[in-house]
Amino acid sequence: MTDTWYPIIDYDKCIGCMQCVEFCPVNVLEERDGKPVVARKENCHDFLGNCGKICPVGAISYPELPEAKK
């Protein structure tokens with residue numbers, strides 16, 4: 001795991017459906033004031049990205065990977 005690779009939420013796109021929060025098996029995300037937030041980035045598994053895949057509006061992205069990890 002790393003502290004540099006975790007979901008980034010675009011709140012301009014986010015519709016607050018919480019599918020990402022419900023889906024995440026390692027509890028990286030949690031709901032606060034009707035929106036998902038990255039509460040435990042240290043739990044994020046390197047390069048998994050499934051919460052980004054589940055988002056119906058594409059509001060979740062990830063930091064660029066260093067060349068050595070691509």
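Read the figures in this text as sums done on the coordinates, not as results from a lab. Owing to the predicted nature of the structure, the values given are computational and were not obtained by experimental measurement. Note that each Cβ is placed from the backbone with ideal geometry, even for glycine, and that neighbours are counted across all protein chains shown.
Table for the structure above
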| quantity | calculated |
| --- | --- |
| Dipole magnitude (debye, nearest 20) for region 8-63, charges at Cβ of Lys, Arg, Asp, Glu | 60 debye |
| Protection-proxy order for peptides 7-19, 51-63, each taking the mean of Cβ atoms within 10 Å per residue, highest first | 51-63, 7-19 |
| When the convex hull of its Cα atoms is projected in every direction, mean area for region 8-63 (nm²) | 3.4 nm² |
| Nearest-0.05 FRET efficiency for Glu42 and Gln19, computed from C-beta distance (R0 30 Å) | 0.85 |
